[in-house]
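Taken together, the values in this text are just the output of simple stated rules run on the coordinates, not laboratory data. What you see is a predicted model; the values in this text were computed from it and never measured. FYI the Cβ positions are ideal-geometry reconstructions off the backbone, even for glycines, and counts take in every protein chain you see.
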Amino acid sequence: MDKTEKRFYIYLLLWLIADLIQAIVTNVHADEAYYALYGQFLDWGYYDHPPMVGLMTFMSHWAPGYLSIRLLTVLLHTATLLLLWKTIRPAKPTIRDVNEFCIISFSLFMFVLYGFITTPDAPLLFFVALFFYLYKLYQCKNKVWIALLIGVTIAGMLYSKYMAVLVVAFVLLSNLKLLKDWRMWLAIALTILLFMPHVLWQTFNGFPSLKYHFLVRKDPFSWSYILEFIPNQLFVFNPVCFCLALYFCWRERKNKDTFIRAITFTIIGFIAFFWIMTVNGHAEPHWTVAVSIPVLYLLFMHTRYVVWRKRIMIFILPFAIIVLLARTALLFTNVPEQTGFGNRRPLITAMHKLCGDTPAVFYSSFQYPSLYRYYTGENATALSSVYNRMTQFDILQLDMDLQGKEVVVLSPYKAHNMTQIDDYEFYYKRIQKFQGTNRIDVIINEQIVKHDSVEMLVSLKNNYSIPFEFKHEEIPAGIDVAYMQKDGLKIEHCIYDGDDVIPANGSICGKLKFKRLEEGKYVICLRNHLNTSANSKAMEIPKDN
């Protein structure tokens with residue numbers, strides 16, 4: 001091994017050590033605790049994401065402290081850097097090449113961040129790097145075994161994040177001759193075969209992920225979503241690297257080299273796709289982070305040959321220093337809450353003092369029950385409301401085992417009891433025989449629509465293993481209708497005519513009558529003084545009979 005290679009592996013080891021220290025010390029983000037929940041209930045899919053991130057937290061759970069979530073992320077990031085270097089390593093690299101490769105890599109904000117925090121983007125970056133490594137290898141050797149590895153890698157990308165399909169699509173667009181290559185069709189067939197368990201999971205669960213990403217996340221058109229996109233990308237990649245990447249893409253627009261075309265098509269394609277998607281709502285800045293891999297390829301390959309190479313590095317170096325300072329700041333426990341890495345342990349400890357061994361139930365939040373389960377190891381769950389989206393807790397339905405048992409409900413509503421523990425104020429209610437409403441299905445059998453009212457014959461199905469009581473002694477329930485209008489939800493009370501008790505795992509029929517509004521879809525809800533849950537499908541405003 002020559003001096004250049006030794007220098008690279010020294011940098012790689014230092015990067016690994018830095019990521020390990022960062023992963024051990026940096027406070028856990030609420031989303032990471034949520035992904036740790038995935039690892040506790042391994043499955044072929046989850047509400048928000050494919051299952052790779054859950055597998056990662058499961059495989060890390062034996063490690064101590066925060067590494068129980070992040071260990072595999074750190075190792076995969078090290079492997080990602082190694083693949084990057086192996087892919088673009090010059091035939092005769094110099095010490096300067098190694099130095100510049102590390103500086104450019106370290107200057108990309110989000111790429112560095114996903115080296116020590118666990119999100120679906122961490123495995124995505126690894127599999128994208130492996131995909132381009134194999135794709136470049138395939139250009140030199142059209143071997144079946146390489147094609148099969150590409151098929152496995154594509155499946156890994158898709159199991160990490162759905163947007164990985166864009167990487168494959170833009171690479172195919174960059175080289176349409178691949179569509180005539182039977183080996184690539186073999187790779188695609190293998191990908192479909194490996195991805196089929198997740199497709200079946202989606203089918204059996206009613207396609208929750210597709211509904212969430214394409215329907216729930218859709219927002220009304222706003223120019224702010226379009227205008228904020230590029231500034232957000234400047235933050236993801238840093239302004240210098242982002243602008244240089246776009247310039248080099250333009251510069252290489254006529255290049256016939258298949259690998260260069262693949263990375264330029266991927267960069268431009270990703271940026272253009274998500275910018276166009278802002279017409280349907282806000283685009284999260286990190287959605288384009290997979291492009292970090294081709295961006296690094298393009299920047300490194302071009303900075304080695306331009307006459308203003310030294311000037312480029314002078315402009316990039318300050319951003320690497322900023323990343324270093326930001327990482328250092330995250331090592332302190334008193335990080336501001338706005339960063340997402342504030343120290344939540346004292347808050348969760350105070351909650352635990354309030355709840356003790358009694359299960360905790362949270363409304364309108366999936367972050368707090370995830371953090372509570374992670375820090376305390378105690379039972380906690382979240383129940384969704386008509387005012388917020390569903391989460392993995394709705395698929396797990398952990399509340400099914402809490403019916404009729406003692407729980408402590410932690411709620412943002414000030415109407416409940418208030419206590420102060422360790423300088424934290426909590427609104428809570430201790431319930432001896434808990435009765436949730438989320439697992440009651442309202443099925444509409446017949447509608448009679450008048451000018452200003454709607455009458456319905458409905459079936460109320462109880463999925464709980466104990467009877468559901470409308471006149472429950474602690475949590476009596478009623479029925480509402482929620483109209484989804486442009487300015488938000490409009491709640492109208494329903495007149496309910498039917499039995500007061502729904503048998504365990506049974507159903508009853510009843511009548512509903514409520515005010516008819518002219519605007520928006522509506523959903524039937526069950527209401528108590530803790531929550532209002534969505535219990536029917538969303539329906540259009542019916543016309544007069």
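Restricting the range 239-323 to chymotrypsin sites (Phe, Trp or Tyr not before Pro) that sit in a DSSP loop and have at most 14 other Cβ atoms within 10 Å of their own Cβ leaves 305, 308. Across the range 1-60 the C-alpha pair distances fall into 5 Å bins from zero in the proportions 4, 16, 17, 15, 12, 12, 10, 7, 5, 1 percent.
Sequence neighbours fewer than 8 away in the same chain don't count; with that in mind, list the lysines whose C-alpha is under 16 Å from residue 521. Here the lysines satisfying the reach criterion relative to residue 521 are 218, 486, 490, 537, 543. When +1 charges are put on Lys and Arg Cβ atoms and -1 charges on Asp and Glu Cβ atoms, the dipole computed for the range 415-521 relative to its Cα centre reaches about 260 debye.
Candidates 226, 283, 8 compared by Cα position along the dipole of the chain: farthest toward the positive end lies 8, with charges placed on Cβ. Both numbers refer to the Cα atoms of the range 305-363; Rg and Dmax are 21.4, 68 Å.
Put simply, when 177-186, 331-340, 450-459 are sorted by average Cβ atoms within 10 angstrom per residue, most first, you get 450-459, 177-186, 331-340. Placing pseudo-labels 7 Å out from each Cα toward the beta carbon at residue 358 and residue 339 gives an inter-label distance of 3.6 nm.
At full extension, residue 317 and residue 505 could sit 61.3 nm farther apart than now, given 0.36 nm per residue minus the alpha carbon distance. One Cα centroid belongs to the range 310-345, the other to the range 475-545; the line between them spans 48 Å.
Please compute the length gained on full extension between residue 447 and residue 484, using 0.36 nm multiplied by the number of residues separating them and subtracting their Cα-Cα distance.
On the way: separation 37, 0.36 × 37 = 13.32 nm, distance 1.91 nm.
Stretched out fully, the residue 447 to residue 484 stretch lengthens by 11.4 nm.
Net charge dipole, the chain: roughly 2820 debye, given to the nearest 20, about the Cα centre with Cβ charges of +1 for Lys and Arg and -1 for Asp and Glu. Using the Cβ atoms and a cut-off under 14 Å, what net charge is assigned to the surroundings of residue 462, where Lys and Arg are +1 and Asp and Glu are -1? Result for the neighbourhood of residue 462: -3. Just need log10 I(q)/I(0) for the range 272-395 at q = 0.17, 0.18, 0.21 Å⁻¹, Debye formula, equal scatterers on the alpha-carbon atoms, no solvent, rounded to two decimals. Rounded to two decimals, the profile gives -1.07, -1.11, -1.21. Listed values for the range 261-278 are Karplus-derived 3J(HN,Hα) couplings in whole Hz (6.51 cos²θ - 1.76 cosθ + 1.60, θ = phi - 60°), namely 4, 4, 6, 6, 4, 5, 5, 5, x, 4, 4, 5, 4, 6, 5, 5, 5, 5, and x replaces Gly and Pro. Remark on the chain: ratio of C-alpha radius of gyration to 2.2 N^0.38 Å is 1.11.
Give the Kirkwood hydrodynamic radius (Å, one decimal) of the range 19-142, defined as one over the mean of 1/r across all pairs of different Cα atoms.
Working: mean 1/r = 0.0642 Å⁻¹.
Answer for the range 19-142: a Kirkwood hydrodynamic radius of 15.6 Å.
Under 16 Å of direct C-alpha separation, and excluding same-chain neighbours fewer than eight residues apart, residue 3 reaches these aspartates and glutamates: 97, 100. Annotation: lysines with alpha-carbon distance below 22 angstrom to residue 471 (same-chain offsets under eight excluded): 405, 429, 433, 461, 511, 513. Once the Cα atoms are used to define both axes, helix 367-376 deviates from the longest principal axis of the chain by about 80 degrees. Centre-to-centre, using Cα atoms only, the range 174-228 and the range 241-275 are separated by 22 Å. In this Cβ point-charge picture (+1 for Lys and Arg, -1 for Asp and Glu), the range 55-206 has a dipole of about 500 debye about its Cα centre.
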